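Here's the structure we're looking at; comments come further down.
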Amino acid sequence: MNQLLYEIVGWLGFLSRPVVLLQCLTTAGFALGYALWLRPRLKARRYRVSVLGAVGLWGVLRLNGLVIEQLGYPGDLATYFAQVWGAWVLLAVIRLLLLTRCPAKQIQLLYSRIVQPLFVLFVAGSLVNQLASLRDVAEIPLFPLFGSPLTTSNLFLLLTIPYFLVAFSAIPLVWLGHLLQRLFHFSHGTRAAGTLVLRYLLVAAGVLWLMHRVGLNTSAIAAIAGGLSVGIGFGIKEVFSNFISGLWLLFEGSVRPGSVLFIDGDPCEVRSLGLRAAVLWRNRDNAELVIPNQTFFTATTTTYTGSDSLRRSAVEIGAAYRHDPVVVIALLEEVARATVGVRVEPAPRAFLVRYSESSIDYSLRFWIDDPLGNLSIQSAVSQAIWHAFTANGIEIPFPQRVIHPPTDSTGPTPAAPAPQQD
Amino acid sequence: MGFGLAPLPLAPVKGLGLLAALALLLACGGCGGIAVGPDNLYISVETSTNYGSTSELGDNRNISRSLIEKFRSLNPGVAVHIRHFPAGELVAATRFRDGRGLGPDLIVSRVVTALQLHQQGLSSDVSLDPDARNRLEPRFQNSFRNGSKAFAVPFLAQPQVACFDRRRLREPPRSVDALLALSAKGLRVGLPISVGELFWTTTAQGAGPAVAQLLNGRPAGEAATLSAADHRALERWIAWIYDSGLQQNVSFSDDPFELVQQLERGERDWISCSSLWIDGLRQRMGSHLGVSVLPGGADTPATPVTRLLVWSFGRHSSARQRLLAERFVAFSLNEVTQKQLMVAVPGNLPVNPNVLIPTRSSALMAALAFSLDHSRMFEFRDPDAAIVRGGRLESVLKKVVQGELPPEPAIAQLLAPTP
């Protein structure tokens, strides 16, 4: 580690050269002028004007390099700074163009997770390559790890490869998932589950390759893994259990992204199945529930999306005794068939379920495609029933209670009649 | 010992730009720039393979580190930074960094690379005072003269020798005929294909002058004109190469490092190798490694090409860095340092004539010194063209050893007019 620090500190020594200092100071001067003077003035203006200002800085920096060369000094470093700034501005312009065609959230994720980190790494690498030999810096031993020295390049790989494996793997695998779905007509849930499993496999393979590339001592790793297993058993067993549960659920297919589960009386859609927990969306109040994977593994789960995504719904209604049940049942089934969101097949069915105190109770049962849309379709069916009953003169009776006071005069004085209650 | 400072060439600068630039520089502490931390000295080293610095240097890293530490003990507060670049990449790497003002203060390279750096304006001349000249072997000095100045300063000599496995060979061959005879009896021989490293084989056939003439070049469009004797010698040499390629136990490789690895692994018994590999070979083969002079003719010693390492000075060093660079070179050439390098890294011979090479006490040193004394140095005025000519010669030799080109057409190709 000392040798790496020795090298890095040594790079500052180039500033003792007037030709380097000239390039750095002029570039820094223009950049500061832009940051402190021009940019605040352009901030209130339209975004395009800001971009023009940034392009103007690139032009000035490029011109700076040319002028320095014309003066007879080396100017490629100043040109390099201009190129870096130019690339940054170009990325910003591309981002603007993408935003006009793609969802802003996706573009934001693409830039923050992949494009910008890659840009920083590229600039850092190219800068090191100019200040020193990249190969030499990569070969600097930092500290011993499992008996062999860990070099700068290996440390760099250990820090960056896992990140980019996770960040990069999503994009091609999502494309692959969509392609396979088109070819084999998978459901969305199967596609999402397959993509996630492939991603885990890719990350695991990448980590194994990385360990091989870095040259970690496999015996030492096995010994440490053995020790860690005890720690896992006592300390982070819940985390490990949730991870294994998540993998199991994916393979089993009972809980997948896109599934609709019944949680505490509400249907919820599974948004993602992570390493530790699943994130579910509850339609009722737009809440997101984070539920450990282990919960689904050990408790009974009610799902609407197991073998199909149909849901059977029902509306209970009462009609007055004087109406013919055959007519009422026919009317109810007709109303259900005419309501948007109710499936024609299986056909809606109405049943006479009981004779109540003040009404004959019916149950109208029908099927819907969207398990999460049950409440709104129920509401629509109920409204349609009200309108149909009104149009056909069918009364929806409400309970009535008649209280007869006792006729015996020796008895206690009757109390004031209580308000009618159902 | 001292070196005269070669002034930085300034292009004519005019007007306000110059004023602004000068004002900026003056504001920042004058021509010395900003003093940031300790004094820093940047040295670029040309390695002889493309495998990075580790394979070649091995533990030599520690030796160069100890050399730097000794220099730093004499010059406290000086940080020395080494960068390694593979052969063939050093010139491009130096040009790349030089264009940014980030070039090295010192460069260690082969002579041909130093010539390329010099001709492309990537190194600056240095003045050698009489005391400095006295510290250099006279035969090495003339090659680097540029008027009253020198464009490079010799550092170490690495002659070419034969490396063999003592378990398979007790007495090394004295002549190339004996070498082929041994190979016919089962000795597995490894030979390089590059002209520089194969040049010693010309001795036995007397083809050295002819090959040198081919390497030195001729005007474009003209065929090479050799004397009748040289032509016959060239025919004999090409025929010998062709015959060697037909031998079951002789193999050629265009990568010298591959030959060294084959010797280490026991896949070869005898190879032609540069002395720079000896240290690594000794560490891995121990007492099984034998080193001898290369076989020559029946009564003439072989004339190999010695690899000479030289110092070149960078162009954009600050005044302080230039001073330190000159001190470092002077330090590397003094008797004690040269002797320490020779002893610590077997295979490196001093260029300082005042250092005694222990030829009587060490058979290795005797072989190295003998090879150096009988070696030849090429003086290329146009290194780029020399590299192209060498490449053309090598491509013909490759075809010959692979049996694709018989000797007669091979000679015709070698003597054909250049494009």
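For the list (1) closer than 30 Å to A:Val20 by Cα; (2) more than 14 Å from chain A (Cβ to nearest Cβ); (3) touching a helix residue (DSSP H, G or I) at 6+ places or on another chain (Cβ under 9 Å), I need the number of the one condition that B:Leu289 fails.
Answer for B:Leu289: the failing condition is (1).
Name the single residue, out of those in region B:240-290 being over 15 Å from B:Leu179 (Cα atoms) and in a loop (DSSP other than H, G, I, E, B), that is most open to solvent (accessible area, probe 1.4 Å).
Checked region B:240-290; the qualifying residue most open to solvent (accessible area, probe 1.4 Å) is B:Asp254.
Tally time: how many residues in region A:81-119 are part of a helix (DSSP H, G or I), closer than 21 Å to A:Arg46 by Cα and basic (Lys, Arg)?
Matching residues across region A:81-119 total 1.
Report whether or not B:Arg320 is within 14 Å of chain A (Cβ to nearest Cβ) and either buried (at least 22 other Cβ atoms within 10 Å of the Cβ) or not aliphatic (A, V, I, L, M) (or both).
Here the answer is yes, as B:Arg320 does meet what is asked.
Collect the residues in region A:367-413 that are at pLDDT below 80 and among the hydroxyl-bearing types (Ser, Thr, Tyr), keeping them in residue-number order.
Result: A:Thr407, A:Ser409, A:Thr410, A:Thr413.
In a helix (DSSP H, G or I), in contact (Cβ under 8 Å) with a residue 40 or more places away in the chain, open to solvent by 20 Å² or more (accessible area, probe 1.4 Å) and closer than 30 Å to A:Gly13 by Cα: does that describe B:Phe370?
Answer is no for this residue.
Residue-by-condition table, conditions (1) over 20 Å from A:Ile291 (Cα atoms); (2) buried (at least 16 other Cβ atoms within 10 Å of the Cβ); (3) polar (S, T, N, Q):
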position	(1), (2), (3)
A:Pro172	yes, no, no
A:Ile224	yes, no, no
A:Asn242	no, yes, yes
A:Phe251	no, no, no
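Please verify whether region B:53-70 includes one or more residues that are within 13 Å of another protein chain (Cβ to nearest Cβ) and at pLDDT 85 or above.
Within region B:53-70, one or more residues are within 13 Å of another protein chain (Cβ to nearest Cβ) and at pLDDT 85 or above.
Across region B:186-211, which residue is surrounded by the fewest Cβ atoms within 10 Å (Cβ to Cβ) among those that are of a type outside the set (A, V, I, L, M, F, W, C) and under 11 Å from B:Val176 (Cβ atoms)?
B:Gln205
Only residues that are within 22 Å of B:His316 (Cβ to Cβ) and touching a Cys at 6+ places or on another chain (Cβ under 9 Å): list them for region A:52-110, please.
Residues satisfying the conditions are A:Leu77, A:Ala78, A:Phe81.
Residue under question is B:Leu180, and the condition is that it be part of a strand (DSSP E or B) and either surrounded by fewer than 23 Cβ atoms within 10 Å (Cβ to Cβ) or not assigned by TED's automatic domain parsing to the domain that holds B:Leu117 (or both); does it hold?
no
If the Cβ limit is 7 Å and pairs must be 6+ apart or interchain, which residue in region B:77-98 that is under 14 Å from B:Glu46 (Cβ atoms) and more than 7 Å from chain A (Cβ to nearest Cβ) pairs with which residue that is open to solvent by 20 Å² or more (accessible area, probe 1.4 Å) and part of a helix (DSSP H, G or I)?
Partner pairs satisfying both residue conditions: B:Ile82/B:Ser64; B:Val91/B:Gln116.
Given the conditions (1) at pLDDT below 80; (2) within 14 Å of chain B (Cβ to nearest Cβ), which single one is not true for A:Val137?
(1)
Residue check, B:Leu156 against (1) touching a strand residue (DSSP E or B) at 6+ places or on another chain (Cβ under 7 Å); (2) at pLDDT 90 or above, all met but one. Which one?
Tallying (1) touching a strand residue (DSSP E or B) at 6+ places or on another chain (Cβ under 7 Å); (2) at pLDDT 90 or above, B:Leu156 fails exactly one: (2).
State which residue is nearest to B:Pro104 (Cα to Cα) when the search covers only region A:113-147 and only residues that are in contact with a strand residue (DSSP E or B) (Cβ under 9 Å, 6 or more places away or on another chain) and open to solvent by 40 Å² or more (accessible area, probe 1.4 Å).
Only one residue fits best here, namely A:Arg135.
Considering only region A:11-68, state which residues are of a type in the set (Gly, Ala, Ser) and either within 14 Å of chain B (Cβ to nearest Cβ) or under 37 Å from the mean Cα position of the chain (by Cα) (or both).
A:Gly13, A:Ser16, A:Ala28, A:Gly29, A:Ala35, A:Ala44, A:Ser50, A:Gly53, A:Ala54, A:Gly65
Considering each of B:Gly296, B:Gly290, B:Gly266 in turn, give the residue that is within 22 Å of the chain's Cα centre (by Cα) and assigned by TED's automatic domain parsing to the domain that holds B:Leu187.
B:Gly296
Does B:Pro301 count as farther than 24 Å from B:Glu46 by Cβ, in contact (Cβ under 8 Å) with a residue 40 or more places away in the chain and open to solvent by 30 Å² or more (accessible area, probe 1.4 Å)?
yes
Quick one: which residue in B:Gly101, B:Gly121 is outside the structural domain of B:Val293 (by TED's automatic domain parsing), assigned to a loop (DSSP other than H, G, I, E, B) and surrounded by fewer than 22 Cβ atoms within 10 Å (Cβ to Cβ)?
Matching residue, one of B:Gly101, B:Gly121: B:Gly121.
What number of residues in region A:103-112 are over 18 Å from A:Ser169 (Cβ atoms) and open to solvent by 50 Å² or more (accessible area, probe 1.4 Å)?
Number satisfying all stated conditions: 4.
Any residue that is among the aliphatic types (A, V, I, L, M) and under 23 Å from A:Ala319 (Cα atoms) - is there at least one of those in region A:396-404?
Checking region A:396-404: at least one residue is among the aliphatic types (A, V, I, L, M) and under 23 Å from A:Ala319 (Cα atoms).
Among the residues of region B:126-163, write down those that are assigned to a strand (DSSP E or B), open to solvent by 10 Å² or more (accessible area, probe 1.4 Å) and of a type outside the set (A, V, I, L, M).
Within region B:126-163, B:Ser127, B:Arg145, B:Asn146, B:Lys149, B:Phe155, B:Gln158 qualify.
Taking the criterion of being assigned by TED's automatic domain parsing to the domain that holds B:Val400 and either among the aliphatic types (A, V, I, L, M) or farther than 30 Å from B:Ser109 by Cβ (or both), would at least one residue in region B:132-140 satisfy it?
Looking through region B:132-140, none of the residues is assigned by TED's automatic domain parsing to the domain that holds B:Val400 and either among the aliphatic types (A, V, I, L, M) or farther than 30 Å from B:Ser109 by Cβ (or both).
If we scan region A:47-59, do we find a residue that is open to solvent by 30 Å² or more (accessible area, probe 1.4 Å), of a type in the set (D, E, K, R) and in a helix (DSSP H, G or I)?
yes
Look through region A:364-391, keep the residues that are out of contact with any helix residue (DSSP H, G or I) (no Cβ under 9 Å at 6 or more places or on another chain) and not in a helix (DSSP H, G or I), and return whichever of them is nearest to A:Leu352 (Cα to Cα).
Within region A:364-391, the match that is nearest to A:Leu352 (Cα to Cα) is A:Trp367.
If B:Ser332 satisfies every condition in (1) under 16 Å from the mean Cα position of the chain (by Cα); (2) open to solvent by less than 20 Å² (accessible area, probe 1.4 Å) but one, which is the exception?
It fails just one condition, (1).
The values are calculated or read from the model by the stated rules, or taken from the named source; none is laboratory data. Worth saying up front: this structure is predicted, and the values here are computed from it rather than measured. Methodologically, a virtual Cβ is constructed for each residue, glycine included, from the backbone with ideal geometry; neighbour enumeration extends over all protein chains shown. Note: accessible area is taken over every heavy atom of the protein model, side chains too, but ligands, DNA and RNA are not part of it. Shrake-Rupley method; radii C 1.70, N 1.55, O 1.52, S 1.80 Å.
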